[in-house]
Every structure is written in structure tokens, then in C-alpha cells.
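Okay, so here's the structure we're looking at.
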Amino acid sequence: MTPEQQAARDTFKKISDNIAQVKHGQSAATRKLLTALASGGHVLLEDFPGTGKTTLAKALACSIDASFKRIQFTPDLLPSDILGVSIFNQREQQFHFHEGPIFTNILLADEINRASPRTQSALLEAMGESQVSVDGERRNLSDLFFVVATENPVEFRGTYPLPEAQMDRFSMQFSLGYVPPAEEVSILAAQQHNHPLEQLKSCASLAETLALKRAVQGVRISDELKRYAVDIVGATRTAAGVRLGASARASIALMKSAQALALFDGFDFVTPEQIQELAIPVIAHRLVMEPQARFSGMTPRGIVGDILKKLPVPA
């Protein structure tokens, strides 16, 4: 590894260890979250209420010396509440643009499925191109722009399913799950008097985080593994029970995420194991299932898992 890549790996470990002070028993989720951050993607956390989705996002924001904004999505939220609005100044006789919360480094979109599809779509351009268009003018976002969105899969009243185009903008979707009883006891002990987030300090600068993203781009991936990633994604388009398979955006996300994970594992090149580890969180949420396949118990995660078992692994 080059000195820059080693420094980037050290940054990853610092952030991961810092988050672990708050999130007990969630090293796998933290690993995926930081992989998405370093690869330039965005994350959708889908899990039951109370599993710590918001806490994980806040712990990441506290660990990096960067700006952080939170949007609580509600049915009456408007796109202008996210992007910003131009207000007329009577004294100067001209409009002034007031930036919305999207102009930040780390954005927590809490309970994103509670807002209407119109409001959800306000994030599309920002997540895809790191820019927004307001009043006919393009405004660029920060070099570090990372969206962590949460949603509860068990609540249906007052919620709107995320459109397929919106789901495709998230490079990863995963759950946290319940922690083992021993870890839950340690959570109770840590929060007996106050929340650990109150004592959490930043351990990495904005410059170090941007250097981490740049170092990921230098991780090598062979043509054989690029084809392996493409074959995994391509197999979803012809899989039984799938109405809409993953697009080329999934192949790109899988490649970049594997590069980030390889760096974190101490390699300057991607191995098949990194691609296999990330295939389900990167691909599964992008699949649209046939209704009869859903009713018969088939799941996107299961389909991607079957594809991994059947496809030959490059030597």
C-alpha cells in the first residue's frame, strides 16, 4: 500500500473505533456505512424502530469534523424545505437565495418514506450529481456530500414507498438488526445517566475524509473482477421472479464499494471476497419483484444470494 492509502486506512480505523464507543455490537453495519462514505455513495438504513439507525448516522457525523444537518421527513414536507428558497428583499429590490439543509457534508434524512414522492425526488439530483437546480440556477454541493436515510419497514400509515429511481440512487441498503443480549446490557449501562453521543468527539478532519475518498480511487481492480461484478448484476435481469433487474449504476456502485472495502482490509487491490460481501447490500434493494414471486416468499436478497452461489468465481 502507498503511504496515502495507509493513511486513509488509519482514518477509517479511527472513525470506526470512535463510532464503536456509541454503537455496541454494530461493527458490520459501521463497516458498510464507512464503505459507502469512502466510495462516494449514499446509504439507506431500513430496520425496525429503536434499532439505532439515527444514532449510527449521528455517531458518524460526530466523528468527522464536518457540517451535519438532519431533516425529519413528514407528509407536509415540501421540496423547498430541503433545497432552499429565494426570498424577496424589499430594501434591495431583489431575491436572495436561502440555502436549505441539503447544503451540508452529512445529511440525515430521517424516516424518508414519510414524505411524498414529490419531496423525495428533491434528493434525486443531489444524490446523483452532487448538485441542485433551484430557480433555474445550478448550485454545486460540497466535495463531501453523504446522505444517510432511514425508514421503518413495518409502518404503513402515512408512508410512501420510495420510487425505483430513488432506490437506485442509494449505493447500499442494509439493516442493523437487534444486538445480542450482552451488548444490549452494555447499552443500558452506557445510557444510564446520559447518552454517549454527548461525549463523542470528532477524530477525523474533513481533509482526512476527502483524502480517504481519493485513496479509494487508487485501489486496483482487475478486468476479470470487473466482469465478475457485471455478471452478478446482469444475472438479476434474467432471474426468475424479477420484473426489473439492477442497472449499470449497480455495477459501478459494486466496483467502487469493493475498492473501498479492499482498502479497509489492507489491500491495494480488490479480491472476489470483497465483491461477494457487498453484492447483497449493493444490489438487492434495486430489484423490483413480480407480485407472484413476492407472494411465494422470494426476496431480492435471496435472489442475489443464489446468483453468488451459481456464478463461477474468477481464479
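The values are calculated or read from the model by the stated rules, or taken from the named source; none is laboratory data. Not measured: the values here are computed from a predicted model. Neighbour counts run over all protein chains shown; Cβ positions are idealised from the backbone, glycine included. The accessibility values were calculated without ligands, DNA or RNA, using every heavy atom of the protein model including side chains. Shrake-Rupley method; radii C 1.70, N 1.55, O 1.52, S 1.80 Å.
Details
- Apportionment of accessible area to carbon and sulfur, the range 23-90, percent (1.4 Å): 53 percent
- Net dipole in debye of the range 20-152 [+1 Lys, Arg Cβ; -1 Asp, Glu Cβ; about Cα centre; nearest 20]: 380 debye
- Rounded to the nearest 500, the helix-only mean residue ellipticity at 222 nm of the chain stands at -13500 deg cm²/dmol, with each DSSP H run of n ≥ 4 adding -39,500 (n - 2.57).
- Charge-dipole axis of the chain as Lys and Arg at +1 and Asp and Glu at -1 on Cβ define it, positive-most pick from 136, 22, 275: 275
- For the range 179-231 versus the range 256-287, the inter-centroid distance based on Cα atoms is 14 Å.
- Rolling a 1.4 Å probe over the protein heavy atoms gives the chain an accessible area of 49 Å² per residue.
- Protein accessible area in the range 132-196, 1.4 Å probe - carbon and sulfur %: 51 percent
- The label-point distance for residue 223 and residue 86, in a model that sets each label 7 Å from Cα toward Cβ, rounds to 5.1 nm.
- Comparing 177, 136, 245 in a Gaussian network model of the chain where C-alpha atoms under 10 Å apart are linked, the largest mean-square fluctuation is found at 136.
- Taken as Cα centroids, the range 42-79 and the range 1-33 sit 19 Å apart, rounded to the nearest whole angstrom.
- With every protein chain in place, the range 245-302: carbon and sulfur % of accessible area (1.4 Å): 59 percent
- Summary of packing: across the peptides 85-93, 98-106, 253-261, the per-residue average of other C-beta atoms within 10 Å ranks them, highest first, as 253-261, 98-106, 85-93.
- Cα-centred dipole magnitude for the range 97-195, charges only on beta-carbon of K, R (+1) and D, E (-1), debye, nearest 20: 160 debye
- Extension gain from residue 74 to residue 182, taking 0.36 nm per residue of separation minus the Cα-Cα distance: 35.4 nm
- Loop sites in the range 179-235: trypsin sites (Lys or Arg not before Pro), DSSP, at most 11 other Cβ within 10 Å: 201
- If you take the alpha carbon atoms of the range 109-232 and fit the smallest convex hull around them, that volume is 231 Å³ per residue.
- Antiparallel content of DSSP bridges confined to the chain, in %, to 5: 40 percent
- Distance histogram in 5 Å bins (all Cα pairs of the range 1-77, percent per bin): 3, 13, 22, 26, 18, 10, 5, 2, 1, 1
- The range 1-137: proportion of alpha-carbon pairs further apart than 19 angstrom, %: 59 percent
- Estimated translational diffusion coefficient (Stokes-Einstein, Kirkwood radius over Cα pairs, 37 °C, 0.692 mPa s) of the range 57-179: 211 µm² per second.
- Taking amide H positions as modeled 1.01 Å from N, with prolines and chain starts lacking one, the residues under 5 Å from residue 86 and 5 or more places away or on another chain are 98.
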